[in-house]
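**Student:** I have a structure here, written as structure tokens, and I will follow up with some questions on it.
Derivation of every value follows stated rules applied to the coordinates shown; laboratory data play no part. As the structure is a prediction and not an experimental result, all values here were calculated from the model.
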Amino acid sequence: MQPLPFESLPPGICLAAGMLSAVSKRLYAIYWHYVNIELILKDLDLRLILPSPYSAQFLASIERTITKDRLARYLGATGQDVSRALELYEHNVRLSEALYGLLHGLEVTVRNAEHHALTASYGTPTWYDAAPLFPYWRDQVAKAKAKPGVAGKPEKVVPELTFGFWVDLLKRQNHRSLWVGRKLQGAFPNACRHRALIHERLKAIQLLRNRVSHHEPVLTSANAICDGAGLITLPELLEAVEWVCVDTAQWMKARFRYADAKRILREVAAMKISL
């Protein structure tokens, strides 16, 4: 923001301003610079000279609540600067908040697409009773059916099954029986990828989903997100939805805080730290 010229001030102020000395006018300009002090400090990379926004009492308290162990990753990235580590911790929380909607939309999209494809192939919405599921997942289906209010209804059973269930349907063991034999590949009409690559991507997203759900670190300085086993980018996350439906992906990008997540990652990547 540029200082307002004196000519643009209200008449009364202009009259008073005309009586000011050159020094006073200079002070006026300096005032406007201070209005934008945060932007100036960013440009000069002087952020480190600012006083900590956290009180000594608060910094002592977090050792009992947040704990230094939980901040260890951020402390290592900031040279053991607790205040800056807390800022990174806050960025991680904001990123997790922004990712929640995207992960929500992706999980619902994938499970419904797979359910739709297998329902069409088996000719029944209770396809899971006939599908060659692993014993563990067959037990999970039985438990889902037995939950209060479910009463074995497919529209109730499907959302009770974990995201891991739908990801595991894409495993190598199901390639012939479900992916090809039962046309599960139809759930991903826009994916010009091998089943193994789709499974690998969804597995990474499952790991990321679990990290967000359990309040684990997902923030990095690499303009990418940590899934616990590696890195995944926002475009890769959105692409997994595009494999199912481009329209849904574009809706999520516009409405589910994709831009917020992108901004947070970009800001941290510009901090000149290694996280």
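**Student:** For a test of the definition: using alpha carbon positions, the gyration tensor, and the 1.5 limit on a/c, classify the range 116-171 as rounded, prolate or oblate.
**Tutor:** Note, shape of the range 116-171 comes out oblate.
**Student:** Could you grab the relative contact order for the range 68-269? Cα pairs under 8 Å, six or more apart, rounded to a whole percent. Provide the component values of the computation, followed by the final result.
**Tutor:** Values: 214 pairs, mean separation 51.1, N = 202.
Averaging sequence separation for qualifying contacts and normalising by length gives 25 percent for the range 68-269.
**Student:** Can you give me the pair-distance distribution of the range 68-269, C-alpha pairs, 5 Å bins, whole percents?
**Tutor:** It works out to 1, 7, 14, 17, 17, 14, 11, 8, 6, 3, 1, 0, 0, in whole percents.
**Student:** In whole Å, how far is the Cα centre of the range 168-212 from that of the range 48-119?
**Tutor:** Cα centres, the range 168-212 to the range 48-119: 29 Å.
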